[in-house]
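Take a look at the structure below.
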2 protein chains.
Amino acid sequence: MDIFMQAAIEEARKGLAEGGVPIGSVLVHGGRIIGRGRNQRQQRASAILHGEMDALENAGRQPASVYREATLYTTLSPCPMCSGAVLLYGIPRLVIGENRTFMGAEAHLREQGVALEVLDSEPCRELMARFIARHPDVWNEDIGV
Amino acid sequence: MDIFMQAAIEEARKGLAEGGVPIGSVLVHGGRIIGRGRNQRQQRASAILHGEMDALENAGRQPASVYREATLYTTLSPCPMCSGAVLLYGIPRLVIGENRTFMGAEAHLREQGVALEVLDSEPCRELMARFIARHPDVWNEDIGV
């Protein structure tokens, strides 16, 4: 598998080990990871640090030119908030681990010209299935349900 | 003026005094403010803490039922990221200080059924005009330009 999706999955696994929602993400520019993150709802009582948002935050302040050549990898289809962050910064490409557990704002991203690749990764699906079986309430909270 | 927009403007003014992008926001539920925030790009070197995101984060983890009865006040039209957060949590109503300095994802929010009220507030516009005159580079970075 793609080394960058592997890195996103590693983040998701760290999240699961911490008791968190196992969604990980990495931001890649120029062939290297410039930001790594994972969902921080449980770990940091955060309402906004989804995996993608945490990766963007950990990448620090970047000029527009960097975002516009970057690819965001995420283990799960991005929700409207994370999709909106992609649109704000003009990130042109997303690689998504899976979208069976949750279908994010993929249609909206495609309409706005973002290139999406969905891997339908079994490890990504399994991480979510394990977490949701144990903590359906936390998962629902994470997606505003 | 609405006391909640006044509170959002106070946040924006605090931001300006700190050298930050003067955009403030408050999340209101049941007639009281449950989260206050302001843009933290300069203060905390943040790529994701726009005023609205900071207010949502400072409100802490909330059940879906709270967001669905909440109103988000923001001094400036919400960018795609902040608009996406509103959609994620199903916040039904937004009060916007002004949208002349920057037009956010208002059309998308309306299409998704969010009620928007735009006040065209002169204090909100003036805060942004002062900041952008001094720091056009920071402002452009904040909106991914």
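The values are calculated or read from the model by the stated rules, or taken from the named source; none is laboratory data. Because the structure is a prediction, the values reported are computed rather than measured. Note that we place each Cβ from the backbone using ideal geometry, even for glycine, and neighbour counts take in every protein chain shown. For accessibility, only protein heavy atoms count, side chains too; no ligands or nucleic acids. Shrake-Rupley method; radii C 1.70, N 1.55, O 1.52, S 1.80 Å.
Shielding by partners for peptide A:89-102, expressed as the average number of C-beta atoms from other protein chains within 10 Å of each residue's C-beta, is 1.
Over the residues of chain A, the helix contribution to mean residue ellipticity at 222 nm works out to -13000 deg cm²/dmol, using -39500 (n - 2.57) for each DSSP H run of at least 4.
Axis of helix A:122-134 versus longest Cα principal axis of chain A: the two differ by about 40°, to the nearest ten degrees. Each Cα pair under 8 Å and six or more residues apart adds its sequence gap; the mean of these over the residue count of chain A is a relative contact order of 20 percent. Between helix A:80-89 and chain A there is an angle of about 20 degrees, using the helix long axis and the longest principal axis of the Cα atoms. Interface residues of segment A:38-86, defined as those losing at least 50 Å² of solvent-accessible heavy-atom surface relative to the isolated chain (probe radius 1.4 Å), are listed as A:ALA47, A:ILE48, A:GLU57, A:ARG61, A:PRO80, A:MET81. So if we plug the beta-carbon distance of B:ASP120 and A:ARG61 into 1/(1 + (r/R0)^6) with R0 = 25 Å, what FRET efficiency do we get, rounded to 0.05? It comes out at approximately 0.25. What separates the A:GLU117 label point from its copies, with the point 7 Å along Cα to Cβ, is 4.8 nm, written shortest first. Each residue of segment B:53-63 was assigned a 3J(HN,Hα) from its phi angle through the Karplus expression (A = 6.51, B = -1.76, C = 1.60, θ = phi - 60°), giving 5, 5, 5, 4, 5, 5, 6, x, 5, 10, x Hz with x at Gly and Pro.
Tell me the per residue accessible area of segment B:45-145 using a 1.4 Å probe; a whole number in Å² is fine.
Averaged over the residues of segment B:45-145, the accessible area is 37 Å².
When A:PHE102 is represented by a point 7 angstrom out along its Cα-to-C-beta vector, the spacings to that point in the other copies are 2.5 nm, nearest first.
When the Cα gyration tensor is reduced to axis lengths a ≥ b ≥ c, the ratio a/c is 1.5 or higher for the protein assembly as shown, and with a/b above b/c it is classed as prolate. Relative to the longest principal axis of the Cα atoms of chain B, the long axis of helix B:3-17 makes an angle of roughly 30 degrees.
Note that segment B:72-77 has calculated 3J(HN,Hα) couplings of 9, 9, 9, 6, 9, 3 Hz, one per residue in order, obtained from phi through the Karplus relation 6.51 cos²θ - 1.76 cosθ + 1.60 (θ = phi - 60°); glycine and proline are x.
Of the solvent-accessible surface of chain A, computed with a 1.4 Å probe and all protein chains present, 47% belongs to carbon and sulfur. The order of B:ASP120, B:ASP137, B:ASP142 by accessible area, most exposed first and with a 1.4 Å probe, is B:ASP137, B:ASP120, B:ASP142.
Charged neighbours of A:ALA64, selected by a Cβ distance under 13 Å, balance to -2 (K, R count +1; D, E count -1).
Here B:GLY60 yields copy-to-copy label distances, from shortest upward, of 3.3 nm, the label point defined as 7 Å from Cα along Cα to C-beta. For segment A:61-125, the square roots of the Cα gyration tensor eigenvalues, ordered a ≥ b ≥ c, give a/c of at least 1.5 with a/b greater than b/c, which places it in the prolate category.
Show me you know the interface measure: the accessible area buried between B and A, both chains summed, probe 1.4 Å, in Å² to the nearest 100. Summing both sides, the interface buries roughly 2700 Å².
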